[in-house]
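*Asks:* One structure coming up, written as structure tokens, with questions to follow.
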Amino acid sequence: MKDRLINIFWAVIMIAGGGIFLLREMGILDFALLSTWVWAAVFGVLSVFFFLTYFIKGTDRWGWLFPATILGAISATIALENTAAGEALSGALILAAIAVPFLVAYFENPEERKWALIPSWGMGVLTFVVLFERYLGGYLTGTIVLYGIALPFLFVYLTDRSKKWALIPFAAMAVVGLIPLMEAFLDERALVLIIMVLFSVPFFVVYFWAKQNWWALIPAGVFASIAAGTGLDYFLQPTAGELNEAIMSTAILGGLGLTFGLLWLRRDGQPTDWAKYPALILIVLAVIVLAAQESLGLAWPILLIGAGAAVLTWGLLSRPKG
């Protein structure tokens, strides 16, 4: 009976709303003539209607709280427009209103609805940022937002150690969260170097965490190789010109070749026998890039001989199939 009455009530509201918008389209009603207080009252009344629906239907229907709290926050925001409180709160009320239903859902059933803490926490962090952005620098604001998103995933892992997957988004967001803060203190090349190192760390952790995570060595090696090339370019004399670029490219290509070479060494326990092909190609490319520099003199023939010796050693030490 309650559900039927509620359905009839909202049907009447929808028909009335449709009629009002129809009058607007016909030019009979002009919304621009309505004051902000009228709009605040409209949204406030709608919020009350949704709250009543929530309590009548039952508090387990927490989804009804979304329109109730959001419309209430919009009403308050409109009413506080052009006031000191309105300027201070800005859109914080609406963000907080989105968090409230998730918190209600969690407290109704904490065991089965732990997931609701993630969006509620995220909205809480955004509310904090909007409230205090005038006191925070742009770099610090970005860091707070990113770490605010990362922490719920750490909470998921700490409350249930079987959910190791949660460490991956936590580590990724934690690393990215350092970037806005470092921009304030580091130049561009140093920033790229540190970012690449930080990006590689979570993948190395995943790789060493379990033997079956051999795939994680590829992104770890990519970021570490870029970090190695960027580091050489950063610490070498800036007047070296094209030679610096060649050494940087060689370091990156060589690092990638080493990455796939390490994967190939794990071929007994993992399906990585294919890795020998990209490893060999990348190492050869690294040697070619470095050898192409005339300023290296006799270095490139020596490197070429060394590469040939490495390939020969590889062939002699590798076990024949069968």
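Coordinate-derived values only; no laboratory data. As the structure is a computational prediction, the values presented were derived from the model and not from experiment. No Cβ is skipped: glycine too gets one built from the backbone with ideal geometry, and neighbour counts run over all protein chains shown.
*Asks:* Tell me, in nm to one decimal, what length is gained between GLU108 and ALA190 on full extension, where the rule is 0.36 nm per residue of separation less the Cα-Cα distance?
*Replies:* Taking 0.36 nm per residue and subtracting the Cα distance, the gain is 24.6 nm.
*Asks:* Ranked highest first by the average count of other Cβ atoms within 10 Å around their residues, in what order do 102-115, 251-264, 211-224 fall?
*Replies:* In decreasing order of mean packing, 102-115, 251-264, 211-224 become 251-264, 211-224, 102-115.
*Asks:* Summing +1 for each Lys or Arg and -1 for each Asp or Glu, what net charge is found among the other residues whose Cβ lies under 15 Å from the Cβ of PRO67?
*Replies:* Every neighbour counted, the sum reads +2.
*Asks:* In addition: Within the range 65-105, which residues have the backbone N less than 16 Å from the label spot 7 Å out from THR36 along Cα→beta-carbon, could you tell me?
*Replies:* 73-94
*Asks:* Out of (1) 22.1, 73; (2) 30.4, 93; (3) 23.0, 70, which label holds the value of Rg and Dmax of the Cα atoms in Å that was computed here?
*Replies:* Computed from these coordinates, Rg and Dmax of the Cα atoms in Å corresponds to label (2).
*Asks:* For the range 1-48 and the range 144-212, compute the distance between their C-alpha centroids and round to whole Å.
*Replies:* 48 Å
*Asks:* A further question on this structure: Give me the count of lysine pairs in the chain whose alpha carbons sit under 23 angstrom apart, restricted to pairs 8 or more positions apart or on different chains.
*Replies:* Lysine pairs meeting both conditions in the chain amount to 7.
*Asks:* Out of the range 2-92, which trypsin sites (Lys or Arg not before Pro) are coil in DSSP terms and have no more than 14 other C-beta atoms within 10 Å?
*Replies:* On the way: sites: LYS2, ARG4, ARG24, LYS57, ARG61; in loops: ARG61.
Passing sites in the range 2-92 are ARG61.
*Asks:* Between PHE235 and ILE288, what is the FRET efficiency for a Förster distance of 25 Å, r being their Cβ-Cβ separation, to the nearest 0.05?
*Replies:* 0.55
*Asks:* In nanometres, what is the gap between the two model label sites at GLN270 and VAL48, each 7 Å from Cα along Cα-to-Cβ?
*Replies:* Output for this residue pair reads 6.4 nm.
*Asks:* Among 160-171, 87-98, what's the highest-first ranking by average C-beta atoms within 10 angstrom per residue? Can you show the working numbers first?
*Replies:* Working: 160-171: 14.2, 87-98: 18.0.
The packing order, highest mean first, is 87-98, 160-171.
*Asks:* Sticking with this one: Size of the dipole of the chain about the Cα centre, Lys and Arg at +1 and Asp and Glu at -1 on the beta carbon, nothing else charged, in debye to 20?
*Replies:* It works out to roughly 1260 debye.
*Asks:* To continue, here is another question. If Lys and Arg each add +1 and Asp and Glu each add -1, what is the summed charge of the other residues whose beta carbon sits under 14 Å from the beta carbon of TYR207?
*Replies:* That works out to +3.
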